[in-house]
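Below is one structure, written out as structure tokens; the observations come after it.
Readers should treat all values here as calculations from the given coordinates under stated rules, not as data from a laboratory. Please read these numbers as outputs of a predicted model, since none were measured by experiment. All Cβ positions, even for glycine, are placed from backbone atoms using ideal geometry, and neighbour counts span all protein chains on display.
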There are 2 protein chains.
Amino acid sequence: MNLTEEILKGSPRAIAKGISLVEDDGAKAQDMLRAIFPHTGRSTVIGITGSPGSGKSTLADQLISQIKKEDSRIGIIAVDPSSPFTGGAILGDRIRMMRHSLDPDIFIRSMATRGHLGGLAKATGEAISVLEAAGKRYILIETVGVGQDEVEVVKMSDLVLVVLIPGTGDEIQAFKAGIMEIADAFVLNKADSPDALRAERQLKAMLDLGIKNHDIPPVCKTVAITGEGVDDLWTTAQGLLLKRPEADRAFRKKRLIEWMLRDIISTKVAQTVHSRVDEAEFQRFIELIYKRKTDPYVVADGIIEQLKGT
Amino acid sequence: MNLTEEILKGSPRAIAKGISLVEDDGAKAQDMLRAIFPHTGRSTVIGITGSPGSGKSTLADQLISQIKKEDSRIGIIAVDPSSPFTGGAILGDRIRMMRHSLDPDIFIRSMATRGHLGGLAKATGEAISVLEAAGKRYILIETVGVGQDEVEVVKMSDLVLVVLIPGTGDEIQAFKAGIMEIADAFVLNKADSPDALRAERQLKAMLDLGIKNHDIPPVCKTVAITGEGVDDLWTTAQGLLLKRPEADRAFRKKRLIEWMLRDIISTKVAQTVHSRVDEAEFQRFIELIYKRKTDPYVVADGIIEQLKGT
């Protein structure tokens, strides 16, 4: 049985292998992705983002327990900048998540996404494809990093949860810019902290001020570490998903496709170009640039021009 | 007087404008960068990276005080994934760094680097170019994010400082993979913590085990918030810089040029391709992909093929 068939049967090993292929981004990946593509697009994707230390992973872990009651075919991807520096945290997450990893229906994986070529939308979209093909009905995308790209990708989920912690008032101020447009619901985690009430008031006041064109997203209070409030959060999330117009869901999925497609095109073109550049000549150019006898912009134009002629 | 001339004169306003142009990545940026390029390549670049909360910014701030004694023409770039979520921290850093910002020779800036097109090497390399053209002799590159790309770029600095904090043993374990190759020196910050001695021993034991092919990097202890140990750190750093073979420095600078050049080529080619794609047709493809009547890989190949013929 080939990899595609095994993925379609939902084999955890095959899913893992599929996602590894996506990370490696080689020719094999494309064959697999093409084969599974007709079987994709039928999950509910929930994006979870928020500042570091806000308890996103623990919250995701607790959310799984809630979602499982409805449907245990769940996939989780932690979008991971793959830094040696986050290794510790991710290790911790993995251990924490192990209580679900005994459940064969639940697939948990952190994924390295930052290659030199190939963007985040492509990598995330492809990982979602693998999970969808394997029959997952709910997919949680958790950002480990907090870069703009991560936020952009997460916002194409069917539902976006933004996790905040009380007592970081200046952070909330800084959120003003992009955050209101991203969140379908806010999660005020560590809500047992003494600052929680003030933080909630501050957040709501901010939302009242900032949001003009659509409904103010609900603010859910949780203590992820004990699971407190996570049932209410899931009820809220389900309510939001139910009342979301089909057109809106389609719009988000199409945006993700658009990003993926642009990433795929950029990656393919760049790979072709770089594979066709003569390596010895390239090194000579670097030497000339290093000696400031030319500049990288002229060289880049020259190389591109030269390739056009071939 | 035009922007290039003003940058070459070291005007802080012109530097700021130059770096903004780099962030925007338009045609104007390239003209400016080409004009300043002959005046670049003559600074000592110090990269500072480390886990979040390790005190990198405070350390950078204290390092400036030390470097200033030798040469006050200093530039600092905080490579910033430009997330709304890091806004708070960066704001804090900026305020903290204000004591130096009164010094007209010292230029401090955090820079957004994650566009959909254009990589980190390009953005960082170009910012370094602007600062070098403006006469900066020492350039500190501090990573705000901790992604693999940031680490890759930082490791092309003339000197790489990796900042660690005591009491994060599991993190140190996770460091094993990439960290030893990156660091020219380790900074054990918050060295007044009760865990400091144990952390130092652990780190040294780990380095003894892991490093076979070259000298074990020194471990400097600092308390960035009070400045303790930062003078010794700077002495160590200067020693390392002095004894570094010219060939090694050249190698790192050429690697950065190579990355920049690859980024520039990828960006230019991708921009050209995307600008030539017919928007209405592109949207029709997205619709077809959304309906699973085709897949993004076939569409990407088709678009690329079609453009080749034009």
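Net charge near A:Arg249, counting Lys/Arg +1 and Asp/Glu -1 over other residues with Cβ under 12 Å of its Cβ? The answer is +3.
Of all aspartates and glutamates in the structure, those lying under 13 Å Cα to Cα from B:Lys190, and not within fewer than 8 positions of it along the same chain, are B:Glu200, B:Glu228. By the count of neighbouring beta-carbon atoms within 10 Å, fewest first, B:Lys68, A:Lys190 end up ordered B:Lys68, A:Lys190.
Its Cα gyration tensor gives the stretch B:203-245 an equivalent ellipsoid. The semi-axes, each the square root of 5 times an eigenvalue, are 22, 16, 4 Å from largest down.
Within the stretch A:199-291, the trypsin sites (Lys or Arg not before Pro) that combine a DSSP coil assignment with at most 15 other C-beta atoms in a 10 angstrom radius are A:Lys212, A:Lys291. Distance from the C-alpha centroid of the stretch B:237-269 to that of the stretch A:1-62: 36 Å, rounded to the whole angstrom. Put simply, the amide H of A:Val45, placed in the peptide plane, has neighbours under 5 Å in A:Ile139, A:Asp158, A:Leu159, leaving out anything fewer than 5 places away on its chain.
Of A:Asp278, A:Asp192, how do they rank once you tally other Cβ atoms within 10 Å and put the fewest first?
Working: A:Asp278 11, A:Asp192 14.
Ascending Cβ contact count within 10 Å gives the list A:Asp278, A:Asp192.
The three principal axes of the Cα atoms in the stretch B:263-310 give end-to-end lengths of 35, 22, 16 Å, sorted in falling order. With each label modelled as a point 7 angstrom along the Cα→C-beta vector, the A:Thr272-A:Ser20 pair spans 3.1 nm. Evaluate E = 1/(1 + (r/R0)^6) for A:Arg255 and B:Leu209, where r is the Cβ-Cβ distance and R0 equals 60 Å; express this FRET efficiency to the nearest 0.05. About 0.80, to the nearest 0.05. Within a straight-line Cα-Cα reach of under 17 Å, B:Lys136 can be paired with the following aspartates and glutamates, leaving aside sequence neighbours fewer than 8 residues apart in one chain: B:Glu5, B:Glu6, B:Asp61, B:Glu70, B:Asp71, B:Asp103, B:Asp105, B:Glu126, B:Asp158. The trypsin sites (Lys or Arg not before Pro) of the stretch A:16-67 meeting both criteria, a DSSP state outside H, G, I, E and B (loop) and at most 12 other C-beta atoms within 10 angstrom of the site's C-beta, are A:Arg42.
From the P(r) of the stretch A:231-277, can you give the percent of Cα pairs sitting at distances over 12 Å? Here the tail beyond 12 Å accounts for 72 percent of pairs. For the stretch A:192-205, the Karplus equation 6.51 cos²θ - 1.76 cosθ + 1.60, evaluated at θ = phi - 60°, returns couplings of 8, 6, x, 7, 4, 5, 4, 4, 4, 4, 4, 4, 5, 4 Hz by residue, with Gly and Pro reported as x.
What chymotrypsin sites (Phe, Trp or Tyr not before Pro) does the stretch A:272-310 have in DSSP loop regions with at most 15 other beta carbons within 10 Å?
Answer in residue order: no site qualifies.
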